[in-house]
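Here is the structure we will look at.
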Amino acid sequence: MATDARLEHWHEVVRSRNPALLNQILAEDAVFHSPILFRPQQGRDLVALYLTGALHVIANPSFRYVREVCEGNDAVLEFETEIEGVHVNGVDLITWNEQGLISDFKVMVRPLKAVNVVHARMAELLEQLS
């Protein structure tokens, strides 16, 4: 599967904010690297849980990707959004496996004020989702 098709599947998840689509694009052994948590989260269900949280908190109506760099099985997607009046700038680093499924997803967020608001909102939401 071409990178463009894989990336388009991810963009459809973000556009629709439909977490049910995550199971179609995540590898069973996917790993999620949070900007907040020390340890990577492993396994499709756990990665889907964290990405579902991000769809609700980060991918709000102000969310937009401002730059994309793709090569081979990797993509770097820079985004901007606003949460509670705080400007959030971040990067999604995505790796796909040979089957075209996301095997690794890393999120980086800046500045510190943005990290703090993301942490607080994600903690609240994950408590509700768990």
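Report the residue count in the range 28-45 for those that are in contact (Cβ under 8 Å) with a residue 60 or more places away in the chain, in contact with a strand residue (DSSP E or B) (Cβ under 8 Å, 6 or more places away or on another chain) and not in a strand (DSSP E or B). Of the residues in the range 28-45, 2 are in contact (Cβ under 8 Å) with a residue 60 or more places away in the chain, in contact with a strand residue (DSSP E or B) (Cβ under 8 Å, 6 or more places away or on another chain) and not in a strand (DSSP E or B). Within the range 6-21, restricting attention to residues that are surrounded by 13 or more Cβ atoms within 10 Å (Cβ to Cβ), of a type in the set (A, V, I, L, M, F, W, C) and out of contact with any strand residue (DSSP E or B) (no Cβ under 9 Å at 6 or more places or on another chain), the residue that is nearest to Pro61 (Cα to Cα) is Val13. Scan the range 23-38 and tell me whether some residue there is closer than 23 Å to Arg110 by Cβ and charged (D, E, K, R). No: zero hits. Can you name the residue in the range 66-76 that is without any contact (Cβ under 8 Å) to a residue 40 or more places away in the chain and out of contact with any Lys or Arg (no Cβ under 9 Å at 6 or more places or on another chain) and is also farthest from Leu93 (Cα to Cα) among such residues? If we take residues in the range 66-76 being without any contact (Cβ under 8 Å) to a residue 40 or more places away in the chain and out of contact with any Lys or Arg (no Cβ under 9 Å at 6 or more places or on another chain), then Val66 is farthest from Leu93 (Cα to Cα).
Take Gln128 and decide whether it is among the polar types (S, T, N, Q), exposed (fewer than 14 other Cβ atoms within 10 Å of the Cβ) and in contact (Cβ under 8 Å) with a residue 12 or more places away in the chain. Answer is no for this residue.
If I ask for residues that are in contact with a helix residue (DSSP H, G or I) (Cβ under 6 Å, 6 or more places away or on another chain) and aliphatic (A, V, I, L, M), which ones from the range 76-100 would you list? Across the range 76-100, the qualifying residues are Ile83, Val86, Val88. Whether any residue in the range 98-110 is in contact with a Gly (Cβ under 8 Å, 6 or more places away or on another chain), free of Cβ contacts under 8 Å to residues at least 24 places away in the same chain and either under 18 Å from Glu124 (Cα atoms) or not acidic (Asp, Glu) (or both) is what I want to check. The answer is yes; a qualifying residue exists. Checking the stated criteria, Glu8 turns out to be more than 20 Å from Gln128 (Cα to Cα) and part of a helix (DSSP H, G or I).
Selection within the range 55-99: residues that are touching a Phe, Trp or Tyr at 6+ places or on another chain (Cβ under 9 Å), among the acidic types (Asp, Glu) and surrounded by fewer than 16 Cβ atoms within 10 Å (Cβ to Cβ). The member of this set that is farthest from Arg17 (Cα to Cα) is Asp74.
Can you spot a residue in the range 77-84 that is of a type in the set (Phe, Trp, Tyr) and closer than 21 Å to Ala27 by Cα? Checking the range 77-84: not a single residue is of a type in the set (Phe, Trp, Tyr) and closer than 21 Å to Ala27 by Cα.
Only the coordinates and a few stated rules stand behind these numbers; no lab work does. The model shown is predicted, which means the values in this text are computed figures rather than measured ones. As a convention, Cβ positions derive from the backbone with ideal geometry for all residues, glycine included, and neighbour counts pool all protein chains shown.
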